[in-house]
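K.L.:
Could you have a look at this structure, given as structure tokens, before my questions?
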Amino acid sequence: MAKTAHQSKPVPTARALVFVLPEAEPTELDRLSVDSFLRTLGPFFHQAGELERASQDALAASRLVQPPATPKADEAIQVTIKAHTAARKAVEAHWAITTLFSQFHKRLTAARGRATGNYEEANNRLQRFHNDFAEAARRKAALEQDRLRRENEAKAQADRDAELQQLEDDAVTMEAASADLSEREAAFVDYVTGPYTNPNQAAAQAGFKDGFKASQRLMGMPKIQAAIAAKQEAKRIRDQKAAVADSPLVVRHEEVRADVRRAAGASDRTYFYADILDADAFVKAALAGTYGIPAAALLPNQSWLNEQAKAIQGEIERYPGIRFRKTTKTV
């Protein structure tokens, strides 16, 4: 008979799972204990409630007890302690089923751990592959970006050199415009556009006998006027050249991204850890205070301190920051 669409697949029993998960198969004693527990849930929890109410009454009564003043009163306290201890053991016996469930839980978590551990080991291997690939891609991108940076810097420097050379060529061209001047006329132009802004002084320095008359005549000559203008333009061009040479080099920046693709819904998250490889060396460095390690980095060894307290008792208070304490229980 064919199965209908609404029929579900059979659920595997615990015995069917034993081949894959031996932990899923409880022992015969486990079955008897669990079956008994499940059949008596009502009475079990009723009795548990009675035990808890009795413990509450015992706690409330203990809060009314005063410190003993006589041996008889102290003896009564000891009797009560022993009665409480017995009652506590009865509570533990009543809840013994928790031990069974705890052991079964441990077996199940061990089985779960094997499965999750397999995935963890598989992912650790694959994660190394991914991390190595991503790191290689980042190194490749960094090298390419460095290559482009050096290439762009070289191009920017070449453009700057070409610009400076063009400015120098323009300045030389402007200076060459006054090539038809006589020696004294050229000297006059040099002086009047240089250290001597006064034409009279420039003419006298250039070798003319009457600086005033010579300057009046020279300043009226079109070729002198053109030569002065050319000199002034050449000076302006060289000032521009100096400003360009002193300005920061503008380099085009190109960002190269690592060629790492993200799978849908996946992302990388980085965690940071500090593994102690040599505890003694770390503790010595922390105590020396040379590395700025805070005191919070070192935790007291409570188990060792308790053993010392048992051995030397009150003498342990010689240790800075330590108080001796002991407790005694009636059993």
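Please treat every number below as a calculation from the coordinates, not as lab data. All of these numbers come straight from a predicted model, not from anything done at the bench. Here the Cβ is made from the backbone with ideal geometry for all residues, glycine too, and neighbour counts use every protein chain on show.
K.L.:
Take the Cβ-Cβ distance between LEU64 and LEU108 as r, set R0 to 41 Å, and report the resulting FRET efficiency rounded to the nearest 0.05.
P.N.:
That gives a FRET efficiency of 0.35.
K.L.:
Could you give the radius of gyration (one decimal) and Dmax (whole number) of the Cα atoms in the stretch 105-221, in Å?
P.N.:
39.5, 121
K.L.:
Simple spin-label model, 7 Å along Cα-to-Cβ: VAL244 to ARG160 in nm?
P.N.:
1.2
K.L.:
What angle do you read, to the nearest 10 degrees and between 0 and 90, between the alpha-carbon axis of helix 222-246 and the longest principal axis of the chain?
P.N.:
Roughly 20 degrees, rounded to the nearest 10.
K.L.:
Pop out the ³J(HN,Hα) list for the stretch 188-202 in order, Karplus 6.51 cos²θ - 1.76 cosθ + 1.60 with θ = phi - 60°, rounded to Hz; leave Gly and Pro as x.
P.N.:
4, 5, 4, 6, 5, 9, x, x, 10, 7, 7, x, 4, 5, 4
K.L.:
With the convex hull built on the Cα atoms of the chain, state its orientation-averaged projected area in nm².
P.N.:
49.9
K.L.:
Lysine pairs in the stretch 60-174 with alpha-carbon atoms under 30 Å apart, 8 or more places apart or on different chains: how many are there?
P.N.:
Pairs that pass both the separation and distance tests number 4.
K.L.:
May I pose another question? With an 8 Å Cα cut-off and a minimum separation of 6 or more residues, compute the relative contact order for the chain in percent.
P.N.:
The normalised contact order for the chain reaches 17 percent.
K.L.:
Taking the 0 to 90 degree range and rounding to the nearest ten, how far is the long axis of helix 97-176 tilted relative to the main principal axis of the chain, both from C-alpha atoms?
P.N.:
On a 0 to 90 degree scale, this one is about 0.
K.L.:
While we're here: In a shell of Cβ-Cβ distance under 12 Å around GLU144, excluding GLU144 itself, what net charge do Lys and Arg (+1) and Asp and Glu (-1) give?
P.N.:
That sum, taken over residues with Cβ under 12 Å, equals +2.
K.L.:
If packing is taken as the mean number of other Cβ atoms within 10 Å per residue, what is the order of 192-203, 301-312, highest first?
P.N.:
192-203, 301-312
K.L.:
Rounded, prolate or oblate: which fits the stretch 225-313 when a ≥ b ≥ c are the square roots of the eigenvalues of the alpha-carbon gyration tensor, with rounded for a/c under 1.5 and prolate only if a/b beats b/c?
P.N.:
oblate
K.L.:
Angle, helix 28-39 long axis vs. longest principal axis of the chain, Cα atoms, 0 to 90°, nearest 10?
P.N.:
80
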